[in-house]
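Please treat every number below as a calculation from the coordinates, not as lab data. The structure presented is a predicted model; accordingly, all values stated were derived computationally and were not measured. Quick reminder, even Gly has a Cβ in these numbers, built from the backbone with ideal geometry, and neighbours come from all protein chains shown.
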Amino acid sequence: MDEELFFCGDFKHSLDAQNRVTLPSAWRDGANGVHLVLFPGRDRDLLLFPYAMFKEFLVRARSSALANPAAQMALAQLGRVVRDIKPDKQGRIKLEKEMLQSIGVENQLVMIGAITHIKLCAPQNWNPVELGDAGVFLDEVQKLNQSDSNGFSELLAKLIAKG
């Protein structure tokens, strides 16, 4: 697929008896499926990143961890908790019961498109920003794009000015 995959929208799904949940079709990479890597997050959530993005991290990790004991330990800790996720033909991903329990998920799960990745959390832990607080997250998005040269920052600045 030529276009870069990104994730938007939020969806509430039920888990099946095998702790599987179906990814929204818009988040699957066409007929090829999508290869993901699951990380525990910091805010009682799980984070799914496209493998291509994780691969960039692997390249950097390989070059810096070889002679660095602290980096080796950090990678060992990360390796303990990261999971390789490949959806089945129906677009379902299987999640470990322990990981779901660690974020407070029982039967229902919220899947949030976070542009570069997918955030998974329990419904009671998802509090989207109210429209009145949009300036807060738009400020952070603008910071991400300060060095952008394709006009995206200007578009964001206009959007923020309207708010």
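Of all the C-alpha pairs in segment 10-125, what % are more than 21 Å from each other?
On the way: 2589 of 6670 pairs.
Distances greater than 21 Å cover 39 percent of the Cα pairs.
Length gain on complete extension for the stretch LEU78 to ASN125, per 0.36 nm per residue less the alpha carbon to alpha carbon distance?
The LEU78-ASN125 span can extend by a further 14.6 nm.
In nm, what is the difference between 0.36 nm times the number of residues separating GLN90 and LEU58 and their Cα-Cα distance?
Full extension of this stretch gives 8.6 nm more.
Just to confirm a number: summing +1 for Lys and Arg and -1 for Asp and Glu over residues other than ASN19 whose beta-carbon lies under 9 angstrom from that of ASN19, what do you get?
Result for the neighbourhood of ASN19: +1.
Loop only by DSSP, 10 or fewer other Cβ within 10 Å of the Cβ. Give me the trypsin sites (Lys or Arg not before Pro) in segment 5-64 that pass, ordered by residue number.
Working: sites: LYS12, ARG20, ARG28, ARG42, ARG44, LYS55, ARG60, ARG62; in loops: ARG28, ARG42, ARG44.
Filter output for segment 5-64: ARG42.
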